[in-house]
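The block underneath contains the structure these notes are about, expressed in structure tokens.
The values are calculated or read from the model by the stated rules, or taken from the named source; none is laboratory data. Since this is a predicted model, take the numbers as computed values, not measurements. Neighbour counts run over all protein chains shown; Cβ positions are idealised from the backbone, glycine included. Heavy atoms of the whole protein, side chains included, go into the accessibility calculation; ligands, DNA and RNA do not. Shrake-Rupley method; radii C 1.70, N 1.55, O 1.52, S 1.80 Å.
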Amino acid sequence: MMQISKKIPVIYLKDGTVYEDEACSVIFTCEDGCSASVYYSNQGAESLAIIEKSDSELEHERNIGCIKNLVFEAEIPVYAGGSVKRFEDVKKYLYTGADKALFLPDIKACGQEGRTWHTALSESCARFGKEKLIFCSDGETFATYQKEVRECTGALCITDLDMDDSVETELPIYVLVSGREAVYQMSKTELRPALAWQDLVQNSDGLVPVVVQDYKTSQVLMLAYMNEEAFEKTLLTGRMTYYSRSREELWVKGLTSGHYQYVKELSADCDRDTLLAKVSQIGNACHTGRYSCFFDEIAKKDYRAVNPLAVLEQEYNTILDRKENPKEGSYTNYLFDKGIDKILKKVGEEAAEIIIAAKNPEPEEIKYEIADFLYHVMVLMVEKGVSWEDIIREISNR
């Protein structure tokens, strides 16, 4: 008997456009104004599959660019793929940043008995590891090639629910599910709290204050209050729900504006009288149109930022500004004016300086050289249109 491990929501790409159905007749739209990958992340899906359909190399490249954007924005694992004829196809899908490649063998295009696609499957397995490959198949194809599939893939994704139950495999079996309502019902899971409302300390009005943070940046967005009903509804729906003290009613954040908050984490402080919510914020949190409600500066001291990524991003933005708004006498603009070959030469020279400095037992010299190297690498990043967020996302995917 075929045992299904899990169901995965799937979207389709055709000519750079996202569709909800395999026929590519229903274009994906979202009331939040966010991308499909953000939508399914917020709806509680555990993963997302992307299948691209292309009739030309130009269309294929356009779809690959779209996959990169969707993977970049996704907060859940993404499996991406399409019709595979050669090893390079699999490589492109994985190089978008996708967690796994969906291998759909193009048997007709690959020649007699599918030998070419089998070679691509074997090469991909050897290069990336079978855990990076999911073989997408109907029952007939899998029955014919199940030995090869078992050897070279980490999971089987079936494309028809009528697959012959007599076909047995130890591989995890996934089912692709399209159609937003079906996916919503399939993927929606209620958050299971470690603490009940009764475990929290309420104020005299039976409320608990909630500090709300952006889950990516930790920026404080707002302060609101919950009663028991708001607490339970937040856990049930995954959307932040509060109690409005002025209107004396429940308040689903974003219900009117569309600026929903999707809960990523909910925790209590040591006294259990205050909650901290880390959320995915759609649009702006503040009714004034600001992203955060905390923007009225009262007093401020000069201080040096200690967040490493914030420092690097600040330096990156300065370099980006030099490229967009050249400044006479700027060394950065000198590098941009000389072009890519000069930038690459400097990156190479600075890398060599790090190697030399590493021979020095004192750490000060290598600190200086690494800082110099990072500056020139950031010039290269700006020149090539690569951001620190791109780099961090790539590292986190490994």
Is one or more of the residues making up the stretch 294-313 touching a Ser or Thr at 6+ places or on another chain (Cβ under 6 Å) and of a type in the set (A, V, I, L, M)? no
Only one residue in Lys301, Lys367 is part of a loop (DSSP other than H, G, I, E, B) and either open to solvent by 100 Å² or more (accessible area, probe 1.4 Å) or basic (Lys, Arg) (or both). Which one? Lys301
Would you confirm whether or not the stretch 80-98 contains a residue that is at pLDDT below 85 and under 30 Å from Glu265 (Cβ atoms)? no
Scanning the stretch 158-205 for residues that are touching a helix residue (DSSP H, G or I) at 6+ places or on another chain (Cβ under 8 Å) and outside any loop (DSSP other than H, G, I, E, B), the one modelled with the lowest pLDDT turns out to be Ser187
Within the stretch 25-41, is even one residue more than 24 Å from Leu156 (Cα to Cα), β-branched (Val, Ile, Thr) and within 14 Å of the chain's Cα centre (by Cα)? yes
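Determine whether the stretch 234-243 contains at least one residue that is part of a helix (DSSP H, G or I), surrounded by 12 or more Cβ atoms within 10 Å (Cβ to Cβ), at pLDDT 90 or above and of a type in the set (Ser, Thr, Tyr).
Within the stretch 234-243, one or more residues are part of a helix (DSSP H, G or I), surrounded by 12 or more Cβ atoms within 10 Å (Cβ to Cβ), at pLDDT 90 or above and of a type in the set (Ser, Thr, Tyr).
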From Ala310, Ala285, Ala277, grab the single residue that is outside any loop (DSSP other than H, G, I, E, B), within 30 Å of Glu31 (Cα to Cα) and within 23 Å of the chain's Cα centre (by Cα). Ala277
Out of all the residues in the stretch 244-282, which are open to solvent by 80 Å² or more (accessible area, probe 1.4 Å) and closer than 12 Å to Ala224 by Cα? Arg245, Ser246
State all residues of the stretch 128-157 that are among the aromatic types (Phe, Trp, Tyr), modelled with pLDDT under 75 and open to solvent by 30 Å² or more (accessible area, probe 1.4 Å); if no residue qualifies, say none. Tyr145
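Rundown of residues vs (1) acidic (Asp, Glu); (2) free of Cβ contacts under 8 Å to residues at least 24 places away in the same chain; (3) surrounded by fewer than 22 Cβ atoms within 10 Å (Cβ to Cβ), yes/no style:
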position: Ile8; (1), (2), (3): no, no, no
position: Lys14; (1), (2), (3): no, no, yes
position: Gly44; (1), (2), (3): no, no, yes
position: Gly65; (1), (2), (3): no, no, yes
position: Tyr79; (1), (2), (3): no, no, no
position: Glu88; (1), (2), (3): yes, yes, yes
Does any residue of the stretch 316-333 turn out to be touching a residue at least 60 places away in the same chain (Cβ under 8 Å) and open to solvent by 60 Å² or more (accessible area, probe 1.4 Å)? yes
The conditions are (1) assigned to a loop (DSSP other than H, G, I, E, B); (2) without any contact (Cβ under 8 Å) to a residue 24 or more places away in the chain; (3) of a type in the set (S, T, N, Q), and Ser292 fails exactly one of them. Which is it? (2)
